[in-house]
Amino acid sequence: MARVNVLLATFHRIMKQREALKSVERRLADRERRLMDDIARALAGVGYRLTRLDEAKVTAPARGNRKPRVRQDLKCPKCERRFFFQMHVARHVNTMHRRKPRDTQKVKAA
């Protein structure tokens, strides 16, 4: 029976410590939030904006009205090769499938 009482007392102490740690965690999180708000206000005065990483949906900051590039699955019209961007398809077609001019051999006058 004594061991049960010791175990219960130990468990009670651990629960009290856990509650105290959670309280400290909440205070630190609140302090961090206030500090980040102060930093965000200071940076806003200089022309910067502070955003949280876990809330950011766009990986790169937006510049003006430019739309982010969307990768496409484009196929070469003359072969089975696939590309992500239209300019890559055009470069491939120009280098691989265009007609090459015949070399005209000049006859040397002897």
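Might you let me know whether the range 63-71 holds any residue that is of a type in the set (Gly, Ala, Ser), at negative phi and either modelled with pLDDT of 85 or more or assigned to a loop (DSSP other than H, G, I, E, B) (or both)?
No, because not a single residue in the range 63-71 is of a type in the set (Gly, Ala, Ser), at negative phi and either modelled with pLDDT of 85 or more or assigned to a loop (DSSP other than H, G, I, E, B) (or both).
Quick check, is LEU43 surrounded by 10 or more Cβ atoms within 10 Å (Cβ to Cβ) and modelled with pLDDT under 90?
For LEU43, the condition - surrounded by 10 or more Cβ atoms within 10 Å (Cβ to Cβ) and modelled with pLDDT under 90 - is met.
The values are calculated or read from the model by the stated rules, or taken from the named source; none is laboratory data. Everything numeric in this text was worked out from a predicted model, so none of it was measured. Virtual Cβ from ideal backbone geometry, glycine too; neighbours counted across all protein chains shown.
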